[in-house]
Amino acid sequence: MKSGCTCVPLNPTLSKNDIEYIINSCNPKAIFIEKRFLDNMRSLINKDIKIVTEETLNSILLDKECTNNGEEEIDFKNSVAVILFTSGSTARPKGVMLTHHNLCHNTNSIIEYLSLNREDRIEVVLPFYYCFGTSLLHTHLRVGGSLVINNKFMFPETVLDDIEKYECTGLAGVPSNYQILLRKSSIKDRNLKSLRYVAQAGGRLPDSFIKELKQALLGVDVFIMYGQTEATARLSYLPPNMLDKKMGSIGKGIPGTLLKVIDKEGNEVKAGEIGEVVASGENIMKGYFNDEEETKKVIRNGYLYTGDLATVDEDGYIYIVAREKQIIKSGGNRISPKEIENIIIQIPSVIEAAVIGVQDDILGEAVKAFVVLNDEVFKVDEKYIIEYCKDKLPSYKVPKYVVFLDGLPKNSSGKVMMGDLK
């Protein structure tokens with residue numbers, strides 16, 4: 001990136017069609033790839049592209065066509081440093097173009113509110129082609145800190161072992177990471193004395209798990225955060241000292257970013273009303289790569305329209321209700337799946353839950369819950385979960401169907417793939 005190249009990180013588990021589409025779209029001059037992935041990719045790479053593996057890395061010199069060799073200044077504000085491809089509402093992955101300025105602004109903002117310095121060392125369980133993972137890399141390199149990379153989250157004890165062994169000061173993860181640690185590891189019995197903070201983003205962690213996490217890690221700051229790839233990484237955070245008072249909130253905009261909730265006319269909603277979260281700041285993407293039409297849909301009037309529905313309280317703290325496309329419309333009622341998931345997850349046997357709307361001839365949509373159980377705790381069945389929900393929710397929010405799974409389908413960043421559940 002420093003030499004003027006644009007970096008396009010790729011998830012090696014993407015389908016061949018998606019990888020081929022991205023390579024053809026970007027027309028790269030070189031591909032850096034681990035040798036073990038080369039056989040799967042060889043048919044997708046034309047002979048004009050330089051192939052760089054771990055074996056040839058030291059001997060490679062990119063030609064002038066790709067780099068400026070320091071001969072001219074990079075347009076820091078407008079030059080695209082990285083394109084992160086993300087799944088979107090269209091059939092094809094969308095390439096989020098982030099400039100050098102976007103990366104530096106967002107990195108400096110995160111460093112400020114997390115109070116990072118060169119003594120910080122973070123346990124990394126997130127991939128670097130995911131904006132949350134990348135932000136961990138950028139922030140710690142920026143302050144001269146260090147990273148401990150753990151590729152073995154399927155063995156959660158190794159994560160805790162790493163934190164102890166390398167005296168990590170931080171841990172960052174998506175909701176499923178913390179749900180698994182709290183249900184499938186010894187985190188509650190460990191003395192993780194080096195840990196200063198944990199950070200969670202990439203979806204909403206149910207309140208009951210936030211409380212458990214806080215109890216398990218007494219004296220450790222818990223940062224609840226919210227972001228999007230289109231915003232480089234982070235958009236908001238909830239200060240740890242506000243966690244009890246504002247449970248369930250994503251907080252307010254990070255330093256240098258304005259976040260607000262607006263109605264269809266573009267006016268800010270009053271406390272308790274529902275609207276869409278919009279954001280403005282120096283961290284907002286330049287646009288989608290080769291897709292002006294999709295760019296115009298999400299960047300309007302100087303704001304990024306996130307597609308997330310939320311309310312605000314009287315103090316201006318924001319609470320995400322749901323993605324617009326995930327709201328369940330059942331019998332004239334608009335239902336937030338998160339509210340039902342939060343109830344189901346309170347059952348001690350439950351590790352994870354996801355709720356969707358499915359077609360129903362009478363209601364339009366009916367509520368369907370997918371549940372993952374912990375084998376080590378007492379067994380529950382469909383009837384138990386429905387009765388539990390009836391006790392705590394109005395009847396129109398109670399699931400009509402309950403399906404038990406061994407695990408929720410997730411992408412490689414750990415986010416639940418709601419489309420697969422549909």
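The values are calculated or read from the model by the stated rules, or taken from the named source; none is laboratory data. What you are looking at is a predicted structure, and each value in this text was computed from that prediction instead of being measured. All Cβ positions, glycine included, derive from the backbone under ideal geometry; neighbour counts span all protein chains shown.
Within region 344-376, track down each residue that is assigned to a loop (DSSP other than H, G, I, E, B) and under 24 Å from Gly414 (Cα atoms). The answer is Ile345, Gln346, Ile347, Pro348, Ser349, Asn374, Asp375, Glu376. Determine whether Lys325 is modelled with pLDDT under 95 and either outside any strand (DSSP E or B) or surrounded by 15 or more Cβ atoms within 10 Å (Cβ to Cβ) (or both). In short, yes. Any residue in region 379-390 that is part of a strand (DSSP E or B) and either under 23 Å from the mean Cα position of the chain (by Cα) or not aliphatic (A, V, I, L, M) (or both)? No, there is no match, as no residue in region 379-390 is part of a strand (DSSP E or B) and either under 23 Å from the mean Cα position of the chain (by Cα) or not aliphatic (A, V, I, L, M) (or both).
Residues in region 361-376 that are among the acidic types (Asp, Glu), surrounded by fewer than 18 Cβ atoms within 10 Å (Cβ to Cβ) and closer than 24 Å to Ser330 by Cα: Asp361 only. Within region 284-298, the presence of at least one residue that is in contact with a Lys or Arg (Cβ under 9 Å, 6 or more places away or on another chain) and among the charged types (D, E, K, R) is confirmed. Looking only at residues of region 14-30 that are assigned to a loop (DSSP other than H, G, I, E, B) and surrounded by 12 or more Cβ atoms within 10 Å (Cβ to Cβ), we find that the one that is modelled with the highest pLDDT is Pro28. Sub-7 Å Cβ pairs linking a first residue in region 157-175 that is free of Cβ contacts under 8 Å to residues at least 12 places away in the same chain to a second residue that is basic (Lys, Arg), at least 6 apart or interchain, are Thr158/Lys152, ordered by first then second residue. Looking at Tyr319, Tyr303, just one residue is of a type in the set (Phe, Trp, Tyr), farther than 25 Å from His138 by Cβ and touching a residue at least 24 places away in the same chain (Cβ under 8 Å), and that residue is Tyr319. If you go through region 317-352 and keep only what is of a type in the set (Phe, Trp, Tyr) and in contact with a helix residue (DSSP H, G or I) (Cβ under 8 Å, 6 or more places away or on another chain), you end up with just Tyr317.
Taking region 397-408 as the region of interest, how many residues are exposed (fewer than 14 other Cβ atoms within 10 Å of the Cβ) and not in a strand (DSSP E or B)? Qualifying residue count for the region: 2.
Close Cβ contacts (under 8 Å, 6 or more residues apart or on different chains) running from residues in region 83-94 that are closer than 13 Å to Val298 by Cα and buried (at least 21 other Cβ atoms within 10 Å of the Cβ) to residues that are at pLDDT 65 or above and acidic (Asp, Glu) comprise Lys94/Asp291; Lys94/Glu294.
Note on region 233-264: residues that are of a type in the set (Lys, Arg) and either surrounded by fewer than 16 Cβ atoms within 10 Å (Cβ to Cβ) or touching a helix residue (DSSP H, G or I) at 6+ places or on another chain (Cβ under 7 Å) (or both) amount to 3.
Residues to consider are Gly266, Gly275; find the one that is at positive phi and assigned by TED's automatic domain parsing to the domain that holds Ser109.
Values: Gly275 fails: at positive phi.
From the options Gly266, Gly275, the qualifying one is Gly266.
With respect to (1) within 25 Å of the chain's Cα centre (by Cα); (2) more than 20 Å from Ser176 (Cα to Cα); (3) modelled with pLDDT under 85, the lone exception for Gly357 is condition (3).
Of all residues in region 261-287, those that are part of a loop (DSSP other than H, G, I, E, B) and within 19 Å of Lys77 (Cα to Cα) total 5.
Is at least one residue of region 408-417 at positive phi and touching a residue at least 40 places away in the same chain (Cβ under 8 Å)? First the steps, then the outcome.
Taking region 408-417 first, the residues at positive phi are 414.
Keeping just the survivors that are touching a residue at least 40 places away in the same chain (Cβ under 8 Å) gives 414.
Taking every residue of region 408-417 in turn, at least one turns out to be at positive phi and touching a residue at least 40 places away in the same chain (Cβ under 8 Å).
The rows are residues; the columns are (1) loosely packed, with under 13 Cβ neighbours inside 10 Å; (2) at pLDDT 95 or above; (3) among the hydroxyl-bearing types (Ser, Thr, Tyr).
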| position | (1), (2), (3) |
| --- | --- |
| Gly266 | yes, no, no |
| Ile274 | no, no, no |
| Tyr288 | no, yes, yes |
| Glu293 | yes, no, no |
| Gly302 | yes, no, no |
| Glu314 | yes, yes, no |
| Tyr317 | no, yes, yes |
| Ile320 | no, no, no |
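The requirement of being surrounded by 23 or more Cβ atoms within 10 Å (Cβ to Cβ), modelled with pLDDT of 95 or more and either of a type in the set (A, V, I, L, M) or touching a Lys or Arg at 6+ places or on another chain (Cβ under 8 Å) (or both) is fulfilled somewhere in region 129-137, by at least one residue. I'm checking my understanding of the structure. Among residues of region 177-189 that are more than 22 Å from Ser135 (Cβ to Cβ) and in contact (Cβ under 8 Å) with a residue 40 or more places away in the chain, which one is surrounded by the fewest Cβ atoms within 10 Å (Cβ to Cβ)? So, considering only residues that are more than 22 Å from Ser135 (Cβ to Cβ) and in contact (Cβ under 8 Å) with a residue 40 or more places away in the chain, the one surrounded by the fewest Cβ atoms within 10 Å (Cβ to Cβ) is Lys184.
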